[in-house]
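> First the structure, which I've put down as structure tokens, then a few questions once you've had a look.
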Amino acid sequence: MFEQEGWFTEVYPHHGSAFSLRVKEKLHEEQTPFQKIEIYDTEWFGKLMVIDGCTMVSERENFLYHEMMTHPVLYTHSSPETVWIIGGGDCGSLREVLRHREVKTAVQIEIDERVTRLAETYFPDLCESNRDPRAELLFIDGLRWVKESPPNSVDVIVVDSTDPVGPAEGLFNEAFYRDCLRCLRPGGILAQQSESPLFHLPLIESMHRVMRSAGFAHRQTLFFPQCIYPSGWWSGTIASASPLDRFREEDVRAKPFDTRYYNADIHRAALIAPEFFRKALQHS
Ligand code: AG3
């Protein structure tokens, strides 16, 4: 019933809803050892990458997600020199991270090399910084990477994953957060995509609880629109053992690169939680 000719549809079975994009053609489809990847050319959103039936990136709107997954955490850290991106195979987060001049090393740890190879072909703009000498691309399991890395290795970890099912499931549990905390230097911050505040509130609550019990005493969830993801409203959560009460607002106002969504006022606004969210999280 959802297989309508000329449309790609992602169905949200638990939320009685779906999202569709009119497509011109399917450009690619493959099953990797990890997941099924499809690439479409859409009528208005440009190229679209779909993983296991879920929308990941479109040319038209990925700037919202990639800017909000990177700039708030990097401008909250006092001096982010080393950054790891767990997942993020389309390289959009890597590109934004490398806009920060303080960043000396950015390592992208993506389990599925095919995501990056297809991004290089179909989303070359997202991959434009892959040859930056500060960038390192690894194709290994991010869970194992944080488990095996020495303590005090990194300033910021960005978890740019798919939904918490399949290969990304282990990225939402306490063992992973403990490993991340051990790898972070003093003042280090973890940022994780945290799904829809409207559809996935129980997941966000449990993420906060589990992060807290792993030692991330301070956490903030930032809200932003993301029309191709479930409910059209999305979030990212940043967490640290150190207080997160301020960000480098002056530096944001003087940022030496262009953004399309992120600015200092958006940063402030994104931190303001709706009433239902505050109530749900007051004990987490
Ligand atoms: N990662 C978050 C995708 C979640 C989308 N969920 C869905 N469509 N059901 C995006 C990766 C961008 N680098």
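The values are calculated or read from the model by the stated rules, or taken from the named source; none is laboratory data. This one's a predicted model, so the numbers in the text were calculated from it and none came from an experiment. Cβ coordinates were reconstructed from backbone atoms using ideal geometry, including for glycine residues, and neighbour counts include every protein chain displayed.
> Tally the residues that are charged (D, E, K, R), over 17 Å from His77 (Cβ atoms) and not in a helix (DSSP H, G or I), restricting the search to the range 255-275.
Residues in the range 255-275 being charged (D, E, K, R), over 17 Å from His77 (Cβ atoms) and not in a helix (DSSP H, G or I): 2 in total.
> Quick check on my filter: what residues within the range 48-83 are away from the ligand (no atom under 13 Å from the Cβ), part of a strand (DSSP E or B) and over 14 Å from the mean Cα position of the chain (by Cα)?
Scanning the range 48-83 gives a single hit, Thr82.
> Tell me the residue from Asn152, Asn173 that is more than 22 Å from Lys47 (Cβ to Cβ) and in contact with a helix residue (DSSP H, G or I) (Cβ under 7 Å, 6 or more places away or on another chain), please.
Values: Asn152 fails: in contact with a helix residue (DSSP H, G or I) (Cβ under 7 Å, 6 or more places away or on another chain).
None of the other options fit; the residue is Asn173.
Let's see how each residue does on (1) on the phi > 0 side of the Ramachandran plot; (2) among the aromatic types (Phe, Trp, Tyr); (3) buried (at least 16 other Cβ atoms within 10 Å of the Cβ); (4) at pLDDT 95 or above:
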{"residue": "Lys36", "(1), (2), (3), (4)": "no, no, no, yes"}
{"residue": "Val57", "(1), (2), (3), (4)": "no, no, yes, yes"}
{"residue": "Met69", "(1), (2), (3), (4)": "no, no, yes, yes"}
{"residue": "Ser79", "(1), (2), (3), (4)": "no, no, no, yes"}
{"residue": "Gly88", "(1), (2), (3), (4)": "yes, no, yes, yes"}
{"residue": "Cys91", "(1), (2), (3), (4)": "yes, no, yes, yes"}
{"residue": "Leu98", "(1), (2), (3), (4)": "no, no, yes, yes"}
{"residue": "Val107", "(1), (2), (3), (4)": "no, no, yes, yes"}
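> Which condition from (1) basic (Lys, Arg); (2) farther than 22 Å from Ala168 by Cα; (3) within 15 Å of the ligand (Cβ to nearest atom) is the one that Lys36 breaks?
The failed condition is (2).
Every residue, every condition in (1) surrounded by 17 or more Cβ atoms within 10 Å (Cβ to Cβ); (2) over 24 Å from Leu126 (Cα atoms); (3) in contact (Cβ under 8 Å) with a residue 12 or more places away in the chain, yes or no:
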{"residue": "Cys183", "(1), (2), (3)": "yes, yes, yes"}
{"residue": "Ile204", "(1), (2), (3)": "yes, yes, yes"}
{"residue": "Val210", "(1), (2), (3)": "yes, yes, yes"}
{"residue": "Ala217", "(1), (2), (3)": "no, yes, yes"}
{"residue": "Gln226", "(1), (2), (3)": "yes, no, yes"}
{"residue": "Ser240", "(1), (2), (3)": "yes, yes, yes"}
{"residue": "Gln282", "(1), (2), (3)": "no, yes, no"}
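> Against the definition (out of contact with any His (no Cβ under 9 Å at 6 or more places or on another chain), of a type in the set (Asp, Glu), within 14 Å of the ligand (Cβ to nearest atom) and outside any helix (DSSP H, G or I)), how does Asp125 come out, yes or no? Walk me through how you get there before you give the answer.
Numbers: out of contact with any His (no Cβ under 9 Å at 6 or more places or on another chain): yes; of a type in the set (Asp, Glu): yes; within 14 Å of the ligand (Cβ to nearest atom): yes; outside any helix (DSSP H, G or I): yes.
Judged against the criteria, Asp125 is a match.
> Given the structure, is Gly142 in contact with a Gly (Cβ under 7 Å, 6 or more places away or on another chain), farther than 18 Å from Met56 by Cα and of a type in the set (Gly, Ala, Ser)?
Answer is yes for this residue.
> On to the next question. Before we move on, is Ser231 closer than 23 Å to His77 by Cα and of a type in the set (Ser, Thr, Tyr)?
no
> Any chance the range 201-213 includes a residue that's within 22 Å of Glu110 (Cβ to Cβ), outside any helix (DSSP H, G or I) and either outside the structural domain of Cys54 (by TED's automatic domain parsing) or more than 20 Å from the chain's Cα centre (by Cα) (or both)?
no
> Next question, about the same structure. Does Val103 satisfy the criteria of being under 19 Å from the mean Cα position of the chain (by Cα) and either of a type outside the set (D, E, K, R) or assigned to a helix (DSSP H, G or I) (or both)?
For Val103, the condition - under 19 Å from the mean Cα position of the chain (by Cα) and either of a type outside the set (D, E, K, R) or assigned to a helix (DSSP H, G or I) (or both) - is met.
> Phe223: part of a strand (DSSP E or B) and of a type outside the set (Gly, Ala, Ser), yes or no?
Spelling it out, Phe223 is indeed part of a strand (DSSP E or B) and of a type outside the set (Gly, Ala, Ser).
> Considering (1) over 22 Å from Ala241 (Cα atoms); (2) touching a residue at least 12 places away in the same chain (Cβ under 8 Å), say which one Arg131 fails and leave the rest.
Condition (2) is where Arg131 drops out.
> Follow-up question, since we're still on this one. When you check Gly170 against the structure, is it crowded, with 20+ Cβ neighbours inside 10 Å and in contact (Cβ under 8 Å) with a residue 12 or more places away in the chain, yes or no?
Against the criterion (crowded, with 20+ Cβ neighbours inside 10 Å and in contact (Cβ under 8 Å) with a residue 12 or more places away in the chain), Gly170 does not qualify.
> For the range 85-103, which positions are out of contact with any Pro (no Cβ under 9 Å at 6 or more places or on another chain), more than 9 Å from the ligand (Cβ to nearest atom) and not β-branched (Val, Ile, Thr)?
Within the range 85-103, Leu94, Arg95, Glu96, Leu98 meet the criteria.
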